[in-house]
Amino acid sequence: MGVPSGAGAGVSGREWGVGSREWGSSLALALTLQRVLGPDPVSGGTVSMAPTRCRTRTRVRARAKELRGRRHLLRAACLALIPLVTGARPLSAQSPAAQTYVLVVTGAGGDAEYAHAFHTAAQSIAEAARRRFGLPDSNVVYLGEDPARAPSQIAGKSTKANVERELARLAARARPGDEVWVVLIGHGSASGAGRQARFNLPGPDMTAADFARLLVPLGRQRLAFVNAASASGDFVRALAAPNRAIVTATKSSLERNGTIFANHFASALAGEGADVDKDGGVSLLEAFTYARREVARAYESENRLLTEHAQLDDDGDGVGSAEPAAKGGDGRLAARLVLAASRTARAVAGANPRLAALHAEQRALEERLTELRSRKHTMDPDEYEKQLEALLLNLARTGQAIRAIEGVSP
């Protein structure tokens, strides 16, 4: 198998924005594929591993079945490498085998103005989930302070008992690998023993500890938990865990003024402004970044001191970041939590059991890649390369099997 010397034929890692070590990983992958696949079965010719093209360089006939399979595996391997080295959202983040569930809860408004604002934001999010992103009605639940305000859209009153019931129902329905979005809109506080962070509801409030308990059964799903209330910052530390992205409108429970983060978060999901990569979907990271920017802009335009500082934590350390990024510590998971019409439509259409299993395997491999990359700086370089090659090869083979079933040309 021909591996271009010097990153080959004018191609370098810079063309993908890849560092020298990770570019070396792609060359290591090529060598591994050489060992696995052996020489060209027809002519002994070479196969190009230039990632910008990922296609064969050989004079054998296009219909040579074995060589065609080789080309497809190489292409799949190159595609599998992209999310590892760039932080880009992988294709299986929109797996047809996975589904998305959205629970929106508005708390006690306190006055008519807040109640109206909370309902408007919640309604916008629920409608975007259904209409823009195509989630089935059964996958979207809106619990509100006053169900009579929109009886056809609000499933029930946002009491503690109803919130607990809906989270239990989600835990029973959602399968491993599914995505669950929980969005709280309202007022928060910190009171009681130890000044526990609370979300204010009609009737008894819910503490961060209450939500931590209710979220335990969702450990095998990918969770986006957004608390857009005032005094919400302490929810980050209380709820941090693997496979969870926690967003709060404030950085601590001391930021007690009413927040406007929910309004702009809803606009991010309902409008086009947050879809930075123009892929038709909106990731949690995109929505957070958009809302945080627009909140700051709104305060500045009114010459007011910024009293809410949104945070995001998705690496499980319980420390939020104000400026997360897809390639950074916080932001990787949030970039992969995506509301997208194509994902949902294909999920509703259903998939055969074999395809569902392959997509589940693909998602698991991608999670392992993300985890491996996060440990890179602590690992022996040779061991890192060894594990990287094995994962990429498995991803390539899994992707090839998926495309074979779906009838998609690599």
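The values are calculated or read from the model by the stated rules, or taken from the named source; none is laboratory data. Every value quoted in this text rests on a predicted model; they were computed, and no experiment measured them. Reconstructed Cβ throughout: ideal geometry from the backbone, glycine too, with neighbour counts over all protein chains shown.
Identify the single condition in (1) within 21 Å of residue 252 (Cα to Cα); (2) at pLDDT 95 or above that residue 329 does not satisfy, given that it satisfies every other one.
Among (1) within 21 Å of residue 252 (Cα to Cα); (2) at pLDDT 95 or above, the lone unmet condition for residue 329 is (2).
Do we have residue 300 as surrounded by fewer than 17 Cβ atoms within 10 Å (Cβ to Cβ) and not in a loop (DSSP other than H, G, I, E, B) here?
On the way: surrounded by fewer than 17 Cβ atoms within 10 Å (Cβ to Cβ): yes; not in a loop (DSSP other than H, G, I, E, B): yes.
Spelling it out, residue 300 is indeed surrounded by fewer than 17 Cβ atoms within 10 Å (Cβ to Cβ) and not in a loop (DSSP other than H, G, I, E, B).
Please go through (1) among the aliphatic types (A, V, I, L, M); (2) under 17 Å from the mean Cα position of the chain (by Cα); (3) farther than 21 Å from residue 334 by Cβ for residue 231 and return the number of the only condition it doesn't satisfy.
Unmet condition: (2).
Might you check whether a residue that is of a type in the set (D, E, K, R), more than 21 Å from the chain's Cα centre (by Cα) and assigned to a loop (DSSP other than H, G, I, E, B) occurs anywhere in segment 252-265? So that I can check it myself, show each step before the final result.
At the first step, the residues of segment 252-265 found to be of a type in the set (D, E, K, R) are 255-256.
Pick out the ones that are also more than 21 Å from the chain's Cα centre (by Cα) and you get 255-256.
Applying the additional criterion that residues be assigned to a loop (DSSP other than H, G, I, E, B) yields 255-256.
Yes, some residue in segment 252-265 is of a type in the set (D, E, K, R), more than 21 Å from the chain's Cα centre (by Cα) and assigned to a loop (DSSP other than H, G, I, E, B).
Quick one: how many residues across segment 261-289 are under 14 Å from residue 331 (Cβ atoms) and surrounded by 20 or more Cβ atoms within 10 Å (Cβ to Cβ)?
Number of matching residues: 7.
Which members of segment 234-251 meet the condition of being touching a strand residue (DSSP E or B) at 6+ places or on another chain (Cβ under 6 Å), aliphatic (A, V, I, L, M) and in a helix (DSSP H, G or I)?
Step one: list which residues in segment 234-251 are touching a strand residue (DSSP E or B) at 6+ places or on another chain (Cβ under 6 Å), which gives 234-236, 239-240, 243-248, 251.
Okay, now just the ones that are also aliphatic (A, V, I, L, M), so 236, 239-240, 245-247.
Matches in segment 234-251: 236, 239.
Suppose we keep only residues that are in a loop (DSSP other than H, G, I, E, B) and of a type in the set (D, E, K, R) within segment 325-341. Which one would you say is farthest from residue 226 (Cα to Cα)? Steps first, please.
Taking segment 325-341 as the starting set, the residues that turn out to be in a loop (DSSP other than H, G, I, E, B) are 325-331, 337.
So of that shortlist, the ones also of a type in the set (D, E, K, R) come out as 327, 330.
Details: 327: 21, 330: 15 Å.
Among those residues, the one meeting the criterion is 327.
Filter segment 389-410 for residues that are modelled with pLDDT under 80 and either surrounded by fewer than 15 Cβ atoms within 10 Å (Cβ to Cβ) or closer than 22 Å to residue 336 by Cβ (or both) and give the result. I'd like the intermediate steps shown before the answer.
Of the residues in segment 389-410, the ones modelled with pLDDT under 80 are 399, 402-410.
The answer is 399, 402, 403, 404, 405, 406, 407, 408, 409.
Which residues, taken from segment 220-239, are buried (at least 20 other Cβ atoms within 10 Å of the Cβ) and either touching a Lys or Arg at 6+ places or on another chain (Cβ under 7 Å) or among the hydrophobic types (A, V, I, L, M, F, W, C) (or both)? Please lay out each step first, then the result.
The first filter runs over segment 220-239 and keeps only residues buried (at least 20 other Cβ atoms within 10 Å of the Cβ), leaving 221-236, 239.
223, 224, 225, 226, 228, 229, 230, 231, 233, 235, 236, 239, listed by residue number.
In segment 113-131, is there at least one residue being on the phi > 0 side of the Ramachandran plot and in contact with a Gly (Cβ under 8 Å, 6 or more places away or on another chain)? Steps first, answer last, please.
Restricting attention to segment 113-131, the residues satisfying the condition of being on the phi > 0 side of the Ramachandran plot are none.
No, that holds for no residue.
Could you go through segment 201-211 and let me know if any residue there is assigned to a loop (DSSP other than H, G, I, E, B), at pLDDT 95 or above and either closer than 26 Å to residue 100 by Cα or outside the structural domain of residue 284 (by TED's automatic domain parsing) (or both).
Within segment 201-211 (the criterion being assigned to a loop (DSSP other than H, G, I, E, B), at pLDDT 95 or above and either closer than 26 Å to residue 100 by Cα or outside the structural domain of residue 284 (by TED's automatic domain parsing) (or both)), the answer is yes, since at least one residue qualifies.
Is one or more of the residues making up segment 373-388 at pLDDT below 80, surrounded by 13 or more Cβ atoms within 10 Å (Cβ to Cβ) and within 29 Å of residue 280 (Cα to Cα)?
Restricting attention to segment 373-388, the residues satisfying the condition of being at pLDDT below 80 are 373-374.
Of the ones still in play, those that are also surrounded by 13 or more Cβ atoms within 10 Å (Cβ to Cβ) are 373.
Add one more test, that the residue is within 29 Å of residue 280 (Cα to Cα), and what stays is 373.
Checked against the condition, which is being at pLDDT below 80, surrounded by 13 or more Cβ atoms within 10 Å (Cβ to Cβ) and within 29 Å of residue 280 (Cα to Cα), segment 373-388 yields at least one hit.
Which pairs have Cβ atoms under 7 Å, sit 6 or more apart or on different chains, and link a residue in segment 260-287 that is closer than 14 Å to residue 183 by Cα to one that is of a type in the set (S, T, N, Q)?
266/124
Please pick out the residue among 212, 168 that is within 24 Å of residue 136 (Cβ to Cβ), surrounded by fewer than 23 Cβ atoms within 10 Å (Cβ to Cβ) and in contact with a helix residue (DSSP H, G or I) (Cβ under 8 Å, 6 or more places away or on another chain).
Working: 212 fails: within 24 Å of residue 136 (Cβ to Cβ).
Unique residue meeting the criteria: 168.
In this structure, does residue 159 turn out to be among the β-branched types (Val, Ile, Thr), touching a residue at least 24 places away in the same chain (Cβ under 8 Å) and surrounded by fewer than 16 Cβ atoms within 10 Å (Cβ to Cβ)?
Numbers: among the β-branched types (Val, Ile, Thr): yes; touching a residue at least 24 places away in the same chain (Cβ under 8 Å): yes; surrounded by fewer than 16 Cβ atoms within 10 Å (Cβ to Cβ): no.
When the stated conditions are applied, residue 159 does not pass them.
Given the residues 341, 334, which is the only one that is in contact with a Phe, Trp or Tyr (Cβ under 8 Å, 6 or more places away or on another chain), modelled with pLDDT of 95 or more and either aliphatic (A, V, I, L, M) or not assigned by TED's automatic domain parsing to the domain that holds residue 286 (or both)?
Working: 341 fails: modelled with pLDDT of 95 or more.
Going through 341, 334 in turn, the sole match is 334.
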